[in-house]
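Coordinate-derived values only; no laboratory data. Keep in mind the model is a prediction, meaning the values are calculated, not measured.
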């Protein structure tokens with residue numbers, strides 16, 4: 001029996017890194033399944049509160065456990081690995097669940113795709129056991145930034161889905177909660193003077209304020225997303241459809257052009273949205289904001305029109321669908337035949 005125990009002990013010590021990387025690959029595959037779930041049912045976001053609470057409280061408790069002399073060092077190490085294991089799994093479930101929600105709300109070629117990329121990197125880090133255990137969880141500053149970013153991303157999408165808050169309000173409240181999380185982690189840092197801790201907190205507060213107020217366009221307006229869009233030369237009031245749909249932008253002018261967009265939003269969510277018209281990159285019209293009501297299977301339909309005096313060859317007409325606070329929901333384009 002002792003020989004078998006020794007054999008397995010030596011085997012685990014010799015191959016523990018390979019086994020951890022195997023587990024990381026398994027976690028990544030599991031995350032793909034959670035991503036699929038995130039596109040099907042938003043209601044699971046209600047459980048996010050418990051995941052966040054566990055990660056928050058256990059992260060604050062870890063430094064105290066590391067200095068608990070009543071426990072032998074090997075038990076403290078095992079306890080830290082166990083807590084890290086649960087933290088990673090909760091991070092994975094949260095981040096891989098909200099990642100497709102943000103992705104569907106982002107626009108290719110726009111700045112808000114950068115946020116989706118950062119969220120994907122964060123989700124990937126949560127699956128890498130060795131990196132999380134040996135580097136991220138033992139660095140207080142990195143762990144504080146990691147938690148604050150993920151807390152912001154989770155709360156920002158949870159508030160509109162679960163409590164139907166407007167995206168602009170959700171951004172501000174998420175930034176405040178992320179700052180609160182960063183502050184608690186900062187006070188748990190050991191060996192940092194009060195002046196250095198204050199600089200960290202002020203830097204975080206400034207960055208979060210910039211993101212929530214000036215950098216809103218860099219955050220996808222999850223869960224809002226553009227389902228479809230189109231252009232036409234005429235509009236039928238009875239059927240609420242184009243009387244003549246456009247496939248190409250006609251050259252010449254003046255031309256009265258209509259634009260129709262369909263926006264997906266959960267039931268109960270209300271916001272204000274508008275169309276911004278660009279001809280060859282130049283703003284030609286910004287429509288009044290319209291109150292959006294979510295819950296429609298075909299999406300909330302918003303249509304506007306504009307008379308364009310002259311359309312040159314190789315021109316592009318673009319419609320940006322934005323929230324009242326400036327977040328980009330989606331874009332649609334139409335070009336001239338020679339464009």
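Values computed for the structure shown
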read-out	value
Degrees, to the nearest 10: 167-187 long Cα axis against longest axis of the chain	20
Nearest 10 degrees, 0 to 90: helix 2-38 Cα axis against the chain principal axis	20
Over the range 157-247, relative contact order from alpha-carbon pairs under 8 Å, at least 6 apart, %	24
Kirkwood-type radius of the range 225-335, with distances r between different C-alpha atoms, in Å	14.3
The range 228-272: relative contact order as a whole-number percent, Cα under 8 Å and 6+ apart	42
Gyration tensor (alpha-carbon) shape descriptor, the range 147-290, a/c threshold 1.5	prolate
Cα-derived Rg to Rh of the range 130-209, Kirkwood definition	1.05
Cα centroid of the range 237-284 to Cα centroid of the range 70-89, whole Å	56
Average Cα contact separation per residue, the chain, under 8 Å, 6 or more apart, as relative contact order %	15
Helix axis angle, 140-163 relative to the chain longest principal axis, alpha carbon, degrees	50
